[in-house]
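Following: one structure in structure tokens, then a few remarks.
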């Protein structure tokens, strides 16, 4: 009975994380307005776990008639505080990275001109996001299960993961993803923890970190801190807007606070 209750509570954690939304105010760059009157801002609640190209179709449509006709087929890109936003970072990761400068609603500038080739990758359609997302899923499975689960899945399973994310369907996504979150090691854990530690908006670090010690003891976030940032103190980890206690077990974090790409995205801040 206790175990069933624990699983139910943990599922509530998954759902709470999934339902996290961010209010965003999109505004067209004033230099790109070709009409006499500038367009009104466009307000949208976007999922923290998603990617901007998956939820900005309405934004593009709203601003389209206010830009020059020869620019209307251009790739749309976003900017915050003069910095182009990397679309392949989940929205929640971008927000956590810039959290010190963000006031809600998050004010983001929309561009259709002067694409910043040296700062962000091109994303001409949602299939580009799908390809990137599934490659992250495969990479995380290599770390957790030596790649055995994703390689044994059928194409329809991959599609269900993608469509669950694309359409913001928790049950559809987790019906497949729960298989990727099942530990299969001898100590009931993953082989390695898939994570990325963001130390700036431009840079993140990854390292092979096991969820258990050699004596079988479960590692915590403090162990990860010591392994990734040795000799550095007074650091905090933030994910989904949450300041994580350093005594949180890594295995639990990976199973419950990973993004849909199955990675823990941890923003590192100095206390």
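Quick note: the coordinates plus some simple rules give every number you see, no bench work behind them. All values reported here derive from a predicted model rather than from experimental measurement. Every residue, glycine among them, receives a Cβ derived from its backbone with ideal geometry; neighbour counts consider all protein chains shown.
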**Message:** Between residue 38 and residue 68, what is 0.36 nm times their sequence separation minus the Cα-Cα distance? Round to one decimal in nm.
**Reply:** 9.5 nm
**Request:** Mind checking the full-extension length gain between residue 163 and residue 231? Use 0.36 nm per residue of separation minus the Cα-Cα distance, one decimal, nm.
**Result:** 20.2 nm
**Request:** Just grab the label-to-label distance for residue 148 and residue 206, each label 7 Å out from Cα along the Cβ direction, in nm (one decimal).
**Result:** 2.1
**Prompt:** What is the spin-label model distance, in nm, from residue 256 to residue 184 if the labels are put 7 Å beyond Cα along the C-beta direction?
**Reply:** 2.4
**Message:** Given contacts defined as C-alpha pairs under 8 Å and at least six residues apart, what's the relative contact order of segment 16-119, whole-number percent?
**Reply:** 38
**Message:** List residues of segment 41-63, by number, whose backbone nitrogen lies under 12 Å from a label position 7 Å along Cα→C-beta of residue 126.
**Reply:** 51, 53-58
**Message:** Over the chain, what is the relative contact order in percent, taking alpha-carbon pairs closer than 8 angstrom and at least six residues apart?
**Reply:** 18
**Extent along principal axes [Cα atoms of the chain; Å; largest to smallest]** = 69, 45, 35
**Message:** With the crude spin-label approximation of a point 7 Å out along Cα→Cβ, what separation in nm comes out for residue 118 versus residue 75?
**Reply:** 1.7
**Asked** How big is the gap, in Å, between the Cα center of segment 83-113 and the Cα center of segment 142-189?
**Response** 28
**Message:** For a test of the definition: using alpha carbon positions, the gyration tensor, and the 1.5 limit on a/c, classify segment 92-135 as rounded, prolate or oblate.
**Reply:** oblate
**Asked** What area, in nm² and to one decimal, does the C-alpha convex hull of segment 117-271 cast on average over all directions?
**Response** 10.4
